[in-house]
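First the structure, in the form of structure tokens, and then the observations on it.
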Amino acid sequence: MGIYIGIAIVVLLLLWLISVYNRLVKLKNRVRNNWSQVDVVLKNRFDLIPNLVETVAGYAAHEKETLSRITEMRTKYVSAGSVQEKAEANGEMAGLLGRLMVVAESYPDLKANENFLYLKQQLTAIEEKIRFARQFYNDTVEALNTVIMSFPANLVAGMFGFREETFFHIDEAEKSAPRVKF
């Protein structure tokens, strides 16, 4: 009878271990998938920006510094390796987009340009997608990190090398930018 109890305890512990491990794998894959979604919408924004820059550049040739910085930020984002590096590039880009919109305010003909209006509309839609994707990513990171830090799941996480993921933080400058209104 004692041996059956011992076997039952070992089986239950093994089933628990498998369950926790599978939950960690599932959450880790969700984090990767959700980051991929954030990355896609950020890339869409960075792909849209050269068109927006070209449209504004035709009207504001003297704003070369802002326009060239936007191009640099796009390159920085594409070459970034970590979530933190991409978040930093995104924050800088958001600030530059805000400046670009201020430049656009100064040109009444530009504000009425169909191409500019279309691009502005696309940018607004992408900004909304970015907010949703970032929130969804951060929610998934929170779920994974909570499991990794909770006892006794933290023992399994430590045994199998699961680590906490980084939240996609925004800096103070990005919290108010870009403000796309005309």
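Would you confirm whether or not the stretch 159-167 contains a residue that is modelled with pLDDT of 90 or more and of a type in the set (Lys, Arg)?
Taking every residue of the stretch 159-167 in turn, at least one turns out to be modelled with pLDDT of 90 or more and of a type in the set (Lys, Arg).
Within the stretch 74-85, can you find the residues that are at pLDDT 80 or above, assigned to a helix (DSSP H, G or I) and either of a type outside the set (Gly, Ala, Ser) or surrounded by 13 or more Cβ atoms within 10 Å (Cβ to Cβ) (or both)?
The answer is Thr75, Lys76, Tyr77, Val83, Gln84, Glu85.
If I ask for residues that are buried (at least 19 other Cβ atoms within 10 Å of the Cβ) and among the hydrophobic types (A, V, I, L, M, F, W, C), which ones from the stretch 148-171 would you list?
Across the stretch 148-171, the qualifying residues are Ile148, Ala153, Val156, Ala157, Phe162, Phe168.
Do the conditions hold for Asn90, that is, is it buried (at least 16 other Cβ atoms within 10 Å of the Cβ), closer than 20 Å to Arg131 by Cα, at pLDDT 80 or above and not acidic (Asp, Glu)?
Yes, satisfied.
Does Asn34 count as in contact (Cβ under 8 Å) with a residue 60 or more places away in the chain, farther than 26 Å from Arg163 by Cα and surrounded by 12 or more Cβ atoms within 10 Å (Cβ to Cβ)?
Numbers: in contact (Cβ under 8 Å) with a residue 60 or more places away in the chain: yes; farther than 26 Å from Arg163 by Cα: no; surrounded by 12 or more Cβ atoms within 10 Å (Cβ to Cβ): yes.
When the stated conditions are applied, Asn34 does not pass them.
The values are calculated or read from the model by the stated rules, or taken from the named source; none is laboratory data. From a predicted model like this one, the values you see are computed outputs, not experimental measurements. Here the Cβ is made from the backbone with ideal geometry for all residues, glycine too, and neighbour counts use every protein chain on show.
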